[in-house]
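J.: Pasting a structure below so you can have a look.
The values are calculated or read from the model by the stated rules, or taken from the named source; none is laboratory data. All of these numbers come straight from a predicted model, not from anything done at the bench. Ideal geometry is used to build each Cβ from the backbone, glycine not excepted, and the neighbour counts take in all protein chains shown.
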Amino acid sequence: MLKRLFGLGGLALSSASAWAAVSVEDPHVRAMPPGVPNTAGYLILTSDSGSDRLLAAQCDGVKTTEIHTILEQDGVMKMRPVEAIVLPQGEAVALTQGGYHLMMMGLEQQPEIGQTLQCQLRFERQAPLTVTFAVRDLNQAEHQHHHHHH
């Protein structure tokens, strides 16, 4: 058992305490047009040993980072802060466009495509986790599709 645990790779072991492990997949931040002071972070979290809750995030070069969700209210989509995101054991919880996400407000400088942004995630049980988010153009795939038609 111990051999198998260590065989999973250094990532989970170096970034998490042994008693509560939350794994992170595909952390990325939306690249925004110049002058836009906010952006959003997306990732997939899985609590591998017991359920946990994501309580907060703090990102380098960002004044305030809040956990938000999108709700429909009277036919209008509205963004609302939430206190925490429940992470049931073994279940992947995706923070995506149109759902839960990390709202990064008050960017000190505009993150550009190809750069990275460091955030510390705080959980109820898991030790704080530092995650590197890649800055991406989330419209890139659509635009590439149109560029091929000359």
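J.: Restrict the check to the stretch 99-122 and report whether at least one residue is acidic (Asp, Glu), loosely packed, with under 14 Cβ neighbours inside 10 Å, modelled with pLDDT of 95 or more and on the phi < 0 side of the Ramachandran plot.
T.: Checked the stretch 99-122: no residue is acidic (Asp, Glu), loosely packed, with under 14 Cβ neighbours inside 10 Å, modelled with pLDDT of 95 or more and on the phi < 0 side of the Ramachandran plot.
J.: Is it true that His68 is part of a strand (DSSP E or B), in contact (Cβ under 8 Å) with a residue 60 or more places away in the chain and surrounded by 15 or more Cβ atoms within 10 Å (Cβ to Cβ)?
T.: Criteria not met by His68.
J.: Which residue is nearest to Ile113 (Cα to Cα), if the candidates are limited to the stretch 36-53 and must be part of a strand (DSSP E or B) and hydrophobic (A, V, I, L, M, F, W, C)?
T.: Here the answer is Ala40.
J.: Only residues that are part of a loop (DSSP other than H, G, I, E, B), farther than 21 Å from Gly35 by Cβ and in contact (Cβ under 8 Å) with a residue 12 or more places away in the chain: list them for the stretch 98-136, please.
T.: If the condition is that a residue be part of a loop (DSSP other than H, G, I, E, B), farther than 21 Å from Gly35 by Cβ and in contact (Cβ under 8 Å) with a residue 12 or more places away in the chain, then Gly98, Gly99, Tyr100, Glu124, Arg125, Gln126, Ala127 are the ones that fit.
Every residue, every condition in (1) part of a strand (DSSP E or B); (2) within 27 Å of Pro111 (Cα to Cα); (3) at pLDDT 95 or above, yes or no:
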{"position": "Leu5", "(1), (2), (3)": "no, no, no"}
{"position": "Leu11", "(1), (2), (3)": "no, yes, no"}
{"position": "Ser17", "(1), (2), (3)": "no, no, no"}
{"position": "Val24", "(1), (2), (3)": "yes, yes, yes"}
{"position": "Val29", "(1), (2), (3)": "yes, yes, yes"}
{"position": "Leu55", "(1), (2), (3)": "yes, yes, yes"}
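J.: Pairs, please: C-beta under 7 Å, at least 6 apart or cross-chain, first residue on the phi < 0 side of the Ramachandran plot and assigned to a strand (DSSP E or B) and in the stretch 79-94, second among the aromatic types (Phe, Trp, Tyr) and surrounded by 12 or more Cβ atoms within 10 Å (Cβ to Cβ)?
T.: As it stands, the answer is Ile85/Tyr100, since those pairs meet every condition given.
J.: Something else now. Mind listing whichever residues of the stretch 53-66 are of a type outside the set (Ser, Thr, Tyr) and in contact with a strand residue (DSSP E or B) (Cβ under 6 Å, 6 or more places away or on another chain)?
T.: Of everything in the stretch 53-66, those that are of a type outside the set (Ser, Thr, Tyr) and in contact with a strand residue (DSSP E or B) (Cβ under 6 Å, 6 or more places away or on another chain) turn out to be Arg53, Leu54, Leu55, Ala56, Ala57, Gln58, Cys59, Asp60, Val62, Lys63, Glu66.
J.: Related question: Just checking, how many residues over the stretch 123-150 are modelled with pLDDT of 90 or more and not hydrophobic (A, V, I, L, M, F, W, C)? I'd like the intermediate steps shown before the answer.
T.: In the first step, residues of the stretch 123-150 are kept if they are modelled with pLDDT of 90 or more; the result is 123-137.
Still in the list and also not hydrophobic (A, V, I, L, M, F, W, C): 124-126, 128, 130, 132, 136-137.
Counting residues in the stretch 123-150 that are modelled with pLDDT of 90 or more and not hydrophobic (A, V, I, L, M, F, W, C) gives 8.
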